[in-house]
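Undergrad: Can you keep this structure in mind? I'll have questions shortly.
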Amino acid sequence: MSAAAYTAVDQAEDESDLAFAVNGIGAGHVAAAAARIGVPVVHLSTDYVFDGSGEGAYSEEDEPAPRSVYGASKLAGERAVAKANPRHLILRTAWVHSPFGKNFVKTMLRLAADRDEITVVADQWGIPPLRLISPMQP
Ligand SMILES: NC(=O)C1=CN([C@@H]2O[C@H](COP(=O)(O)OP(=O)(O)OC[C@H]3O[C@@H](n4cnc5c(N)ncnc54)[C@H](OP(=O)(O)O)[C@@H]3O)[C@@H](O)[C@H]2O)C=CC1
Ligand SMILES: Cc1cn([C@H]2C[C@H](O)[C@@H](COP(=O)(O)OP(=O)(O)O[C@H]3O[C@@H](C)C(=O)[C@@H](O)[C@H]3O)O2)c(=O)[nH]c1=O
């Protein structure tokens, strides 16, 4: 399971080389290392490989067209993984939340505790992953 990534979505616009090194080249190295020992790789990718103009949920058949450096670097990673290891599974997930790290749910809970009013984007739609794989309870 390959989950390591450069995940600072906005910051990646200013750190393109680093984002591509980690999310593109690095992901390929992990997949190649697994291939050398005959192990399949499950690689985590993102909805940001799409341009966001679609209506409804994306499918595996939809063409990726990233609009951000982060999305482009993750798409480069998908391609590097597929090339390096024929035994691969690439999961394009989004809105992952848990008690750990940074995520949308924790950000909103923190802001709601600190402020009387919060401003939230209204132009993003997502399907949070199953609690089975991203439980809020540890
Ligand atoms: N969070 C989300 O909603 C989504 C996440 N994803 C993908 O899921 C995966 C996990 O995301 P998430 O848990 O949120 O990310 P985090 O940023 O919380 O974790 C990323 C991990 O990658 C490690 N890492 C970063 N750079 C390197 C490097 N150069 N070498 C080795 N390890 C490195 C970090 O290590 P350290 O802690 O030591 O810095 C950290 O453990 C990523 O591939 C991400 O693109 C996809 C869609 C949605
Ligand atoms: C602080 C703040 C954020 N926001 C919004 C802006 C932005 O869209 C969103 C940021 O939440 P997140 O940190 O979950 O968003 P983001 O880092 O964009 O989330 C993602 O993580 C990466 C790694 C992925 O690959 C994606 O699939 C994705 O789910 O919150 C508000 O609307 N109001 C606020 O006050």
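The values are calculated or read from the model by the stated rules, or taken from the named source; none is laboratory data. Since this is a predicted model, take the numbers as computed values, not measurements. Because the Cβ atoms are built from the backbone with ideal geometry, glycine has one as well, and the counts that use them run over all protein chains shown. Surface areas here come from the heavy atoms of the whole protein model, side chains and all, with no ligands, DNA or RNA. Shrake-Rupley method; radii C 1.70, N 1.55, O 1.52, S 1.80 Å.
Undergrad: Only Cα pairs within less than 10 Å get springs; with that Gaussian network setup on the chain, which residue of Ala76, Ala57, Ala27 has the largest fluctuation?
TA: Largest GNM mean-square fluctuation: Ala57.
Undergrad: If I ignore ligands, DNA and RNA and count only protein heavy atoms, how much of Ser2 is accessible to a 1.4 Å probe, in Å² to the nearest 10?
TA: 10 Å²
Undergrad: Compute the long axis of helix 27-36 from its Cα atoms, compare it with the longest principal axis of the Cα atoms of the chain, and write down the angle in degrees, 0 to 90, nearest 10.
TA: Value to nearest ten degrees: 40.
Undergrad: State in Å² the accessible area per residue of segment 1-81; use a 1.4 Å probe, count heavy atoms of protein chains only, and round to the nearest integer. Provide the component values of the computation, followed by the final result.
TA: Details: 4610 Å² over 81 residues.
Per-residue value: 57 Å².
Undergrad: Let me ask something else about it. Give the angle, between 0 and 90 degrees and rounded to the nearest 10, that separates the Cα long axis of helix 104-114 from the longest principal axis of the Cα atoms of the chain.
TA: For helix 104-114, the angle is close to 30 degrees.
Undergrad: Next up: When only Cα pairs under 8 Å and 6 or more residues apart are kept, what is the percent relative contact order across the chain?
TA: For the chain, the relative contact order is 27 percent.
Undergrad: Remind me, what semi-axes does segment 11-138 give for its equivalent ellipsoid, largest first in whole Å, using sqrt of 5 times each Cα gyration tensor eigenvalue? The partial results should precede the final answer.
TA: Values: eigenvalues 165, 62, 48 Å².
Its equivalent ellipsoid spans semi-axes of 29, 18, 16 Å.
Undergrad: Under a point-charge model restricted to the Cβ atoms of Lys and Arg (+1) and Asp and Glu (-1), what is the dipole moment magnitude of the chain relative to its Cα centre, in debye to the nearest 20?
TA: Details: 12 positive and 17 negative charges, 167 e Å.
Using Cβ point charges on Lys, Arg, Asp and Glu, the chain gives about 800 debye.
Undergrad: What part of the accessible area of the chain, given as a whole %, is carbon or sulfur when the probe is 1.4 angstrom? Display every interim value, and only then the final one.
TA: Numbers: 5420 of 9470 Å².
That fraction is 57 percent.
Undergrad: Quickly rank 59-66, 46-53 as a protection proxy: mean count of other C-beta atoms within 10 Å, highest first.
TA: For the peptides 59-66, 46-53, the packing ranking is 46-53, 59-66.
Undergrad: Oh, and also: How high is the FRET efficiency between Ala82 and Ser53 when r is their beta carbon distance and R₀ equals 22 Å, given to the nearest 0.05? Working shown, then result.
TA: Working: r = 24 Å, r/R0 = 1.11.
That gives a FRET efficiency of 0.35.
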